[in-house]
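The values are calculated or read from the model by the stated rules, or taken from the named source; none is laboratory data. Computed from a predicted structure; not experimentally measured. When we count neighbours, we look across all protein chains shown, and the Cβ atoms used for this are built from the backbone with ideal geometry, even at glycine. Protein only, heavy atoms only, side chains kept; ligands, DNA and RNA dropped before computing areas. Shrake-Rupley method; radii C 1.70, N 1.55, O 1.52, S 1.80 Å.
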Amino acid sequence: MAVLALSKLWVNRMDNGQAVSAQSAGRGRNHDQAGEVRTYAGGRQRAVTIAGERGQFTFRLLDVTLATVELLRTWIGADVQVRDHRGQRFFGVFFGVNIVEYKDPSFYDVAIVLRTVTVAEGV
Amino acid sequence: MQLPTAPPRELLTEAAVVALIRDAPAVEFAAGLELLDTNLNVVDDVTDDFGGGSVARNAYATLHGTASLGVARTLDWGRAIVRPYMTMTDGTTTARFNLGAYVTSTPKRVIGEEPAMHAVAGYDILHSLSTTVGEAYAVDAGVGYLAAVATILTDRGLTGYIIDQSAAASVLPSARVWPLDQETTWLNIVNDLLGAIAYQGIWSDWDGRARLHRYLSPIARTPEWYYDVAPLTSMLDSLRTVERDFFDAPNRWIAVRSNNIDGPAPVEGDGIFTYVNSFVGDTSVEARGRIISKVVPLEAADHAALVAAAQITIDADMRIPTKLTHATFPNPLHWHFDRLVLADPELGPAADVLSTQWTLPLNGANQTHEWTLLR
């Protein structure tokens with residue numbers, strides 16, 4: 001079986017395969033599910049959960065050019081795939097890019113929060 | 001109510017389904033939506049484009065079932081039939097509950113959202129009966145009541161129905177004619193025919209099939225669910241509303257024979273019967289401090305029949321129903337005129353109640369109910 005070792009974090013658009021890659025930092029993810037514990041008559045405490053785990057992968061792309069920043073802006077709301085050097089892969093959408101200027105005027109850091117979506121993976 | 005082990009739960013035991021709804025300390029909910037053809041066969045599962053909503057039922061409404069759904073797919077609006085369903089799991093038992101078939105209306109489309117989510121109102125599948133007939137309609141003498149109803153259902157495109165055949169031998173003794181007018185609907189005709197053989201009004205079930213059954217007094221029916229406030233089984237919300245509205249209840253009745261047009265003018269004791277509730281209960285003249293009159297025109301063969309018929313109205317008016325409005329943990333088994341028992345110390349001893357209205361959100365939020373105390 002072929003093993004793909006990535007040295008950077010890659011973001012690919014799912015509709016056309018277009019790619020952006022960069023060194024990354026500040027990676028992390030969290031998962032949650034909508035739910036609550038309700039009180040019923042007599043004091044009973046009962047948990048209700050809504051099906052559907054929500055996932056979020058946060059990362060910061062380092063030292064990317066203005067052209068890449070502008071390209072990522074056009075990807076807001078588009079289906080993307082994100083892979084990192086740990087072998088993690090996420091499918092999702094981001095709704096914003098947080099652009100921070102770097103000390104070198106040619107480069108920027110871009111922070112993205114990816115909201116994962118459910119996809120059917122081909123086999 | 002739906003039977004706990006009715007399909008698609010036929011592989012579960014009744015105890016497992018009841019335990020899932022009533023006893024499980026933690027439950028996860030999900031919802032789905034099926035697209036059906038007119039014979040109630042599943043054409044497609046559109047759950048991937050389903051944004052949730054709610055299902056409601058009012059047993060006293062002309063059309064009992066309604067649904068409010070979000071669908072991110074363009075369907076054949078106005079004729080597409082959909083069936084929402086809910087699944088519940090506690091990690092051990094998973095059960096699915098079909099929640100009726102609904103004809104979709106033309107939706108509201110939210111522009112600016114991608115993909116567009118359609119806010120769709122769904123109407124009880126019996127909607128096809130709820131249209132004006134548009135001509136005089138007659139059923140001949142000698143035709144079976146149930147056969148006449150079945151003919152109407154089939155002609156109106158309702159092929160999925162279950163008929164209690166215990167009155168199959170009952171035939172119309174004379175022809176029955178419904179005149180041409182705006183108010184006469186197929187639903188009226190069906191219910192007139194059913195009423196003549198002591199059947200309850202037609203209703204549609206959780207799968208979308210029309211149901212025709214003999215009427216049985218609610219109090220004579222076996223309770224279908226037991227609600228209490230015990231620490232491990234309580235499903236009632238901690239906030240409950242009780243209402244016994246007697247503000248407009250009469251305490252003086254004047255019954256008048258209305259079918260003696262050619263006879264002498266009615267007088268008290270011959271064509272007019274007046275009854276005053278002076279002291280009985282909280283609607284009496286003494287309790288209310290004033291007289292509240294009600295005139296009751298009645299068709300009666302003679303004065304004795306007038307008094308007897310008036311007494312039925314008087315009894316009903318004096319028996320003001322107690323209504324309970326509250327929420328419970330979602331119980332998707334609820335359906336049509338459910339017979340329940342409520343053991344709530346705040347309301348006194350365990351009481352027999354009849355469910356007349358409910359709304360079930362499909363996202364696991366509490367189900368709201370209106371119940372009527374039977375005794």
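Odds and ends about this structure:
- Flag if A:VAL48 is among the aliphatic types (A, V, I, L, M), more than 21 Å from A:TRP10 (Cα to Cα), within 14 Å of chain B (Cβ to nearest Cβ) and open to solvent by 60 Å² or more (accessible area, probe 1.4 Å): no
- Count of the stretch B:179-193 residues, restricted to those that are in contact with a helix residue (DSSP H, G or I) (Cβ under 6 Å, 6 or more places away or on another chain) and open to solvent by less than 20 Å² (accessible area, probe 1.4 Å), is 3.
- Residue that is touching a residue at least 24 places away in the same chain (Cβ under 8 Å), more than 14 Å from chain A (Cβ to nearest Cβ), of a type in the set (Gly, Ala, Ser) and surrounded by fewer than 17 Cβ atoms within 10 Å (Cβ to Cβ), where the choices are B:ALA265, B:ALA196, B:ALA220: B:ALA196
- Subset of the stretch B:15-32 [more than 14 Å from chain A (Cβ to nearest Cβ) and either within 24 Å of the chain's Cα centre (by Cα) or at pLDDT below 95 (or both)]: B:VAL17, B:VAL18
- Output for the stretch B:4-35, where each listed residue is of a type in the set (A, V, I, L, M), touching a residue at least 60 places away in the same chain (Cβ under 8 Å), touching a Leu at 6+ places or on another chain (Cβ under 8 Å) and open to solvent by 20 Å² or more (accessible area, probe 1.4 Å): B:ALA31
- Applying the criterion of being more than 22 Å from the chain's Cα centre (by Cα) and among the β-branched types (Val, Ile, Thr) to the residues of the stretch A:1-58, the residue that is nearest to A:ARG86 (Cα to Cα) is A:VAL3.
- Test: residue in the stretch B:228-243 that is outside any strand (DSSP E or B), within 14 Å of another protein chain (Cβ to nearest Cβ) and touching a Ser or Thr at 6+ places or on another chain (Cβ under 6 Å): yes
- Output for the stretch A:1-24, where each listed residue is in contact with a Leu (Cβ under 6 Å, 6 or more places away or on another chain) and either of a type in the set (Ser, Thr, Tyr) or loosely packed, with under 15 Cβ neighbours inside 10 Å (or both): A:GLN23, A:SER24
- Residue count for the stretch B:320-365, restricted to those that are of a type in the set (Asp, Glu) and more than 10 Å from chain A (Cβ to nearest Cβ): 2
- Residue selected from the stretch A:61-83 under the condition outside any helix (DSSP H, G or I), crowded, with 17+ Cβ neighbours inside 10 Å and not aliphatic (A, V, I, L, M), by the criterion nearest to the other protein chains (Cβ to nearest Cβ): A:TRP75
- Among residues of the stretch B:41-77, those that are out of contact with any His (no Cβ under 7 Å at 6 or more places or on another chain), assigned to a strand (DSSP E or B) and of a type in the set (A, V, I, L, M), counted: 6
- Restricting the stretch B:168-178 to residues that are in contact with a strand residue (DSSP E or B) (Cβ under 9 Å, 6 or more places away or on another chain) and in a loop (DSSP other than H, G, I, E, B), the residue that is surrounded by the most Cβ atoms within 10 Å (Cβ to Cβ) is B:LEU172.
- Counted as qualifying within the stretch B:292-375 are the strands (runs of 3 or more DSSP E) with 3 or more residues that are in contact (Cβ under 8 Å) with a residue 60 or more places away in the chain and either open to solvent by 30 Å² or more (accessible area, probe 1.4 Å) or among the β-branched types (Val, Ile, Thr) (or both), namely B:323-328, B:351-361.
- Pairs, first touching a residue at least 40 places away in the same chain (Cβ under 8 Å) and within 16 Å of B:GLY208 (Cα to Cα) in the stretch B:120-142, second open to solvent by 50 Å² or more (accessible area, probe 1.4 Å) and assigned to a helix (DSSP H, G or I), C-beta under 7 Å, six or more apart: none
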